[in-house]
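**Q** One structure, as structure tokens, below. Some questions next.
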């Protein structure tokens, strides 16, 4: 089994482009480093989804999504 990294690069680039197109202030705030970090984070999410799918274990991804939501809620509570 491959980790799917190459397969996800195009999808992740599209997603990140849309995130920054919908919130252009992110580019001003985080710059190119923020774009790279966003891509890196999304690759991690895709790998986790890939693993859960390969194992046919939906609970694995559900648990990850719940954990991630908690992290994002804390990090984004100041965003209006």
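**Q** By how many degrees, between 0 and 90 and to the nearest 10, does the Cα long axis of helix 25-54 differ from the longest principal axis of the chain?
**A** 10
**Q** Here's something else I'd like to know. Counting each DSSP H run of 4 or more residues in the chain as -39500 (n - 2.57), what helix-only mean residue ellipticity at 222 nm follows after dividing by all residues, to the nearest 500 deg cm²/dmol?
**A** Working: 3 runs with 67 residues, N = 80.
After summing the helix terms and dividing by the residues of the chain, the value is -29500 deg cm²/dmol.
**Q** OK, next. Per Stokes-Einstein, at 25 °C and 0.890 mPa s, what whole-number D in µm² s⁻¹ belongs to the range 5-76, with the Kirkwood radius over Cα pairs as the hydrodynamic radius? List each step's numbers first, then the result.
**A** Working: Rh = 13.3 Å.
The Stokes-Einstein estimate is 184 µm²/s.
**Q** Return the single residue from 39, 18, 47 with maximal mean-square fluctuation; model: Gaussian network over the chain, springs between Cα atoms under 10 Å.
**A** 18
We did not get these values from a lab; they are worked out from the coordinates using the rules stated. Please read all numbers here as calculations on a predicted model, not as lab measurements.
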